Protein chains: 2
Amino acid sequence: MTDIKTTLSDVVGAEHLLTGDAIGEDYAHDEALSREPVKPAYVARPENAEQVALLLKAAAEQGIPVTARGSGSGLSGASAPRENGLLISFERMNAILEIDTENHVAVVQPGVTLQELDDKLAEAGLVYPVYPGELSASIGGNVGTNAGGMRAIKYGVTRHNVLGLEAALPTGEVIRTGGKFVKASTGYDLTQLIIGSEGTLALVTEAVLKVQPRLQHQGTVLAPFVDLDEVARAVPKVVGSGLGPLILEYIDGLTMGAITYSAQLQLGIPDEVRETSQAYLVVMLENRSADRLDEDIEELGELLSGLGAKDVYVLPGPSARKLIDAREKAFFTAKAAGADDIIDTVIPRAALPQFMARVREIAQENNTFVIGCGHAGDGNVHLAVLQKDAEVRERVLRGLFEAGIDLGGAISGEHGIGQKHVKSFLALTDPAKVDLMRRIKVAFDPAGVLNPGVLFD
Amino acid sequence: MTDIKTTLSDVVGAEHLLTGDAIGEDYAHDEALSREPVKPAYVARPENAEQVALLLKAAAEQGIPVTARGSGSGLSGASAPRENGLLISFERMNAILEIDTENHVAVVQPGVTLQELDDKLAEAGLVYPVYPGELSASIGGNVGTNAGGMRAIKYGVTRHNVLGLEAALPTGEVIRTGGKFVKASTGYDLTQLIIGSEGTLALVTEAVLKVQPRLQHQGTVLAPFVDLDEVARAVPKVVGSGLGPLILEYIDGLTMGAITYSAQLQLGIPDEVRETSQAYLVVMLENRSADRLDEDIEELGELLSGLGAKDVYVLPGPSARKLIDAREKAFFTAKAAGADDIIDTVIPRAALPQFMARVREIAQENNTFVIGCGHAGDGNVHLAVLQKDAEVRERVLRGLFEAGIDLGGAISGEHGIGQKHVKSFLALTDPAKVDLMRRIKVAFDPAGVLNPGVLFD
């Protein structure tokens, strides 16, 4: 039997198989907090699907754990390698293969970043509307976690915008699923099953993405409210108005202070309003016509005033961009503020006030500082937990997850379970579902080499 | 061991277990053409999820094939029973459980029809936008086939609008997947896997549907073109305009003649236009404002004229409704015209002219009459095949499927594989994918009792 290093090296070429000290620090982690970096035994940088399949086949034969890595911006440890494992880095598979303006799709390799794709699509007057905070994130990673982001209220999440995949299976085959079409009823939807599977079922080697006309005009309104209850009551009215918000975010007073401070953002909100506002609603609209946008912004302002907003600020373009940008970067603000963990529980959006009340109780009971802001339009609440004691922190996280699930929610809206939340996932999920998922896992990966320790223990 | 009839009867009550002559003709078939009706050994009419699970458990223990039936409007034989099998009819599980205006979801049982749901949602100013032709279809059937319909160009298909399910597994458990939220990254998406699985993995006992504000104003434009090539060139421009069409349909001249004749529809198209137009584009727009709709219709008209439309007819409401209605009922028109089979291959929409050219060749080569019209916006082509000889017909169908797949498409866009197209599905699908799907099937249904003969042989 050839030794594994030679086998892997034969597949990708010696210069693209890294071992020992040649493996840089970056490969040892993703952006999950409170997790020690671990260098893998091998880093392979394949250049096509066939190489990925051969790597998987070799790893399966020798029982070597395999982790896929795009940009390494994941927050749950799903792209952090295992010691003695093989990390497959998609950095060389980063081509935008096609912008197809007739079928309105983009075909890309998994290593393409959201920023690269957006730049290219902008030239064609198009947009891939999935917009998670981090534009350095890769499409492969987005598919792995079913990335969501702020525009989900209008455009849905990754799974609503990926039409097809090419993927390498741990059994060594390369398959194609879906295609350049929205409709299909031709067997099980493997595209959808692979999306959100966090690198445990198959490795994506190409994706067909649905793209949209890029609307030219955007306008943003910031509305302070007395408290979250009022924000939660306003949200369904905004959605029901037919104004079709692109972004509908809730920011609590504390977070607003932190992000405006860190982004050095002057929004012109008088002190007396700021001091009596515990919750802000940020609504962004888009339109292909500037006039219609202006009319809609005015209508939105009136609607919000009637719903109890203490004032309505129409933000000029640069301020709006800065605020949204700062909101997107809330993770880094939280990290800089010393957050020990970040979670993103999702709940039915109307349950937001109940959930946040429960969050406050759990924080107090455990002497832990928990701050956060949420995607008000879709009930996805991002919370930063500041608690150095790992045991207490785990208890807090478990409590927060339970609170979300009790309200009809789920552990994660867009970050994933990864390595970080496996215990909670297994403890809080119906065993019949866990067993079924394990059987699905075996159907794809009988040797159990794809991302062991992610989703399952 | 208690005999199976007693067991099933104990679960649903004697009055809801039918056998022998008590089983009406309706239960013996769905709407698939050229398939002999087959009465099942048992028809059970459960009233809740627990009963469905107990039925499945009993059937799995005794190896009795189980088929689910909603309204029986399926076109591929996926809801047609097996002889000696158990047909589970969801006619009693037909409650709309909740219209939740805060979270914008509807929670329904599988036996609810699209018409019933639409009537109820209209009262609340809401709409479930998935709109396949047949409004008597049930939600359960829509989930089973991943139903699509005309509005997919704007709102996607069933899988883009179902947020969660309750389902009974053939292993006897009842699980809940997803919930009242759009985002989730918490394990494999079982909701998506069950959608489109044609009753072979699990039986849906409840569905959480995303609903939208019901826009009040709709306008329809009919544009005759010289031929399909011109229509296909116009479609991406309409999509790219940002006008956001609700419906974008292509109708060939022959079909237009048939449906306007059968619907007794006068569209006011002069003879000289009609005689030189081989292809029509029907575009429907919607808006919450009548003024904006009028502006958009005007813009659309100018756009279409510039793209080669020989004229542009803005249809008055009643005519538009009749045309769309007739288009939806094209299946019945085809059936009345003696169609022996109906298929709905999907292709990338830009490939429509190439596909239709191939369709004509195949029809000629086999002396078979093939007519059809398509969802131009999403590449889903509905074809009626008139050929009494089963062998020749099978060859024609196979050829049509192959042509679609060669162009990057799939066998069915929304009807499903069912019992009818299993041979073609297995012959034309990558064996690695079929094997993987079989393993997934076993993961759900180790006893192999759910709809044997559907998808797999």
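Each reported figure results from applying straightforward, stated rules to the coordinates on display, with no laboratory input. Nothing here was measured: the structure is a model prediction, and the numbers come from that model. Positions of Cβ are backbone-derived with ideal geometry, glycine not excepted, and every protein chain shown enters the neighbour counts.
Out of all DSSP beta bridges with both ends in segment A:12-103, state the antiparallel percent to the nearest 5. Could the numbers behind the result be given before it?
Working: 3 of 10 bridges.
Expressed as a percentage, antiparallel bridges in segment A:12-103 total about 30.
Say each of A:Asp21 and A:Ser262 gets a label point 7 Å from the Cα, pointing the same way as Cα to Cβ; how far apart are those two points in nm?
3.6
Along Cα→Cβ at 7 Å, what distances in nm separate the A:Asp271 label point from those on the other copies, shortest first?
With the label placed 7 Å along Cα→Cβ, A:Asp271 yields 8.5 nm.
For segment B:4-91, what number results from the quotient of the Cα radius of gyration and 2.2 N^0.38 Å?
On the way: Rg = 12.1 Å, N = 88, 2.2 N^0.38 = 12.1 Å.
Against the compact-globule rule of thumb, the ratio is 1.00.
Got the A:Leu254 label distances to the other copies yet, label 7 Å along Cα→Cβ, in nm, shortest first?
Counterpart label points of A:Leu254 in the remaining copies fall at 7.0 nm.
Grab the beta carbon distance between A:Lys120 and B:Glu36, set R0 = 51 Å, and tell me the FRET efficiency rounded to 0.05.
0.40
Cβ under 14 Å from B:Gln264's Cβ, B:Gln264 left aside: what net charge do those residues give with Lys, Arg +1 and Asp, Glu -1?
Numbers: positive: B:Arg321, B:Lys322, B:Lys329; negative: B:Asp325.
Computed value for this residue: +2.
Going out from 0 in 5 Å bins, what whole percent of all Cα-Cα distances in segment A:301-457 drops into each bin?
That works out to 2, 8, 14, 17, 18, 14, 11, 8, 5, 3, 1, 0, in percent per bin.
Round to the nearest 10 and give me the degree value, 0 to 90, for the angle of helix B:290-306's Cα axis relative to the longest principal axis of chain B.
The answer is roughly 70 degrees.
Suppose each label sits 7 Å from its Cα in the direction of the beta carbon; what would the A:Glu91-A:Gln62 distance come out to in nanometres?
Taking the simple label geometry, A:Glu91 and A:Gln62 are separated by 2.1 nm.
When the Karplus curve 6.51 cos²θ - 1.76 cosθ + 1.60 is applied with θ = phi - 60°, which whole-Hz ³J(HN,Hα) does each residue of segment B:393-403 get, with x for Gly and Pro?
Result, rounded to whole Hz: 4, 4, 5, 4, 4, 4, x, 5, 4, 4, 4.
Where the only charges are on Cβ atoms (+1 Lys, Arg; -1 Asp, Glu), what is the dipole of chain B about its Cα centre, to the nearest 20 debye?
Details: 41 positive and 62 negative charges, 145 e Å.
Once rounded to the nearest 20, the dipole reads 700 debye.
To the nearest 500 deg cm²/dmol, what mean residue ellipticity at 222 nm is calculated for the protein assembly as shown from DSSP H runs of n ≥ 4 alone, each contributing -39,500 (n - 2.57), summed and divided by the residues? Please report the intermediate quantities before stating the final value.
Values: 34 runs with 338 residues, N = 914.
Taken over the protein assembly as shown, the calculation gives -11000 deg cm²/dmol.
Once the other residues with Cβ under 15 Å from the Cβ of B:Tyr27 are scored (Lys, Arg +1; Asp, Glu -1), what is the net sum?
Values: positive: B:Arg35, B:Lys39, B:Arg45, B:Arg69, B:Arg82, B:Arg92; negative: B:Asp21, B:Glu25, B:Asp26, B:Asp30, B:Glu31, B:Glu36, B:Glu83, B:Glu91.
That sum, taken over residues with Cβ under 15 Å, equals -2.
Hey, for A:Arg439 with labels 7 Å out along Cα-Cβ, what do the inter-copy distances come to in nm, ordered shortest first?
Relative to the other copies, A:Arg439 has label-point distances of 1.5 nm.
Mind checking the angle between helix B:317-328 and chain B's longest principal axis? C-alpha axes, 0 to 90 degrees, to the nearest 10.
50
Spelling out what I want: for every residue of segment B:238-246, take phi, set θ = phi - 60°, compute 6.51 cos²θ - 1.76 cosθ + 1.60 (Karplus), and round to whole Hz; glycine and proline get x.
Computed from phi, the couplings for segment B:238-246 are 5, 4, x, 5, x, 5, x, x, 7 Hz.
Averaged over every viewing direction, what's the projected area of the C-alpha convex hull for segment B:143-243? Give it in nm², one decimal, please.
Details: hull surface 37.1 nm².
For segment B:143-243, the mean projected area of the Cα convex hull comes to 9.3 nm².
When Lys and Arg each count +1 and Asp and Glu each count -1, what net charge do the other residues less than 12 Å away from B:Val52, Cβ to Cβ, add up to? It would help to have the intermediate numbers written out before the result.
Values: positive: B:Arg45, B:Lys57, B:Arg92; negative: B:Glu47, B:Glu50, B:Glu166, B:Glu173, B:Glu206.
Local charge sum for B:Val52: -2.
Using only alpha carbons, build the gyration tensor for chain B and give me the equivalent ellipsoid semi-axes, biggest first, whole Å.
On the way: eigenvalues 294, 135, 75 Å².
After diagonalising the Cα gyration tensor, the semi-axes are 38, 26, 19 Å.
Largest first and in whole Å, what are the equivalent-ellipsoid semi-axes of the protein assembly as shown based on the Cα gyration tensor, each being the root of 5 times an eigenvalue? Spell out each step's value before the answer.
Working: eigenvalues 345, 238, 167 Å².
Three semi-axes, in Å: 42, 34, 29.
If I model a spin label as a point 7 Å beyond the Cα along the Cα-Cβ vector, how far apart are those points for B:Lys388 and A:Gln216 in nm?
So the label points at B:Lys388 and A:Gln216 sit 6.1 nm apart.
Taking amide H positions as placed 1.01 Å from N in the peptide plane, with prolines and chain starts having none, which residues 5 or more places from A:Met150, or on another chain, fall under 5 Å of its amide H?
A:Tyr131
Hull surface divided by four, with the convex hull built on the Cα atoms of segment A:68-186: how many nm²?
Details: hull surface 34.3 nm².
Its Cα hull, projected and averaged over all orientations, spans 8.6 nm².
Please tell me which of these pairs span more than 31 angstrom C-alpha to C-alpha: A:Lys154/B:Lys335; A:Lys237/B:Lys237; B:Lys154/B:Lys183; B:Lys5/B:Lys180; B:Lys39/B:Lys120?
From A:Lys154/B:Lys335; A:Lys237/B:Lys237; B:Lys154/B:Lys183; B:Lys5/B:Lys180; B:Lys39/B:Lys120, over 31 Å: A:Lys154/B:Lys335; A:Lys237/B:Lys237; B:Lys5/B:Lys180; B:Lys39/B:Lys120.
Put +1 on the Cβ of each Lys and Arg and -1 on the Cβ of each Asp and Glu in chain B; which of B:Gly144, B:Ala447, B:Leu254 then has its Cα farthest toward the positive end of the dipole?
B:Ala447
Could you run the Karplus curve 6.51 cos²θ - 1.76 cosθ + 1.60 with θ = phi - 60° over segment B:222-235 and give me ³J(HN,Hα) per residue in whole Hz, x for Gly and Pro?
10, 10, x, 10, 4, 8, 5, 4, 5, 4, 4, 6, 6, 4
For segment A:217-328, what's the radius of gyration and Dmax over Cα atoms, in angstrom?
13.0, 37
Can you tell me the orientation of helix A:431-444 relative to chain A, as the angle in degrees between its alpha-carbon axis and the longest Cα principal axis, to the nearest 10?
50
Evaluate the charge dipole of segment B:333-430 about its Cα centre and quote only its size in Debye, nearest 20, assuming +1 on the Cβ of each Lys and Arg and -1 on the Cβ of each Asp and Glu. Let's see the in-between values first.
On the way: 10 positive and 13 negative charges, 31 e Å.
Charge dipole, segment B:333-430, about its Cα centre: 140 debye, nearest 20.
In chain A, what residue has the beta-carbon at the shortest distance from the axis of the rotation relating A to B, and what is that distance in angstrom, rounded to the whole number?
A:Gln192, 2
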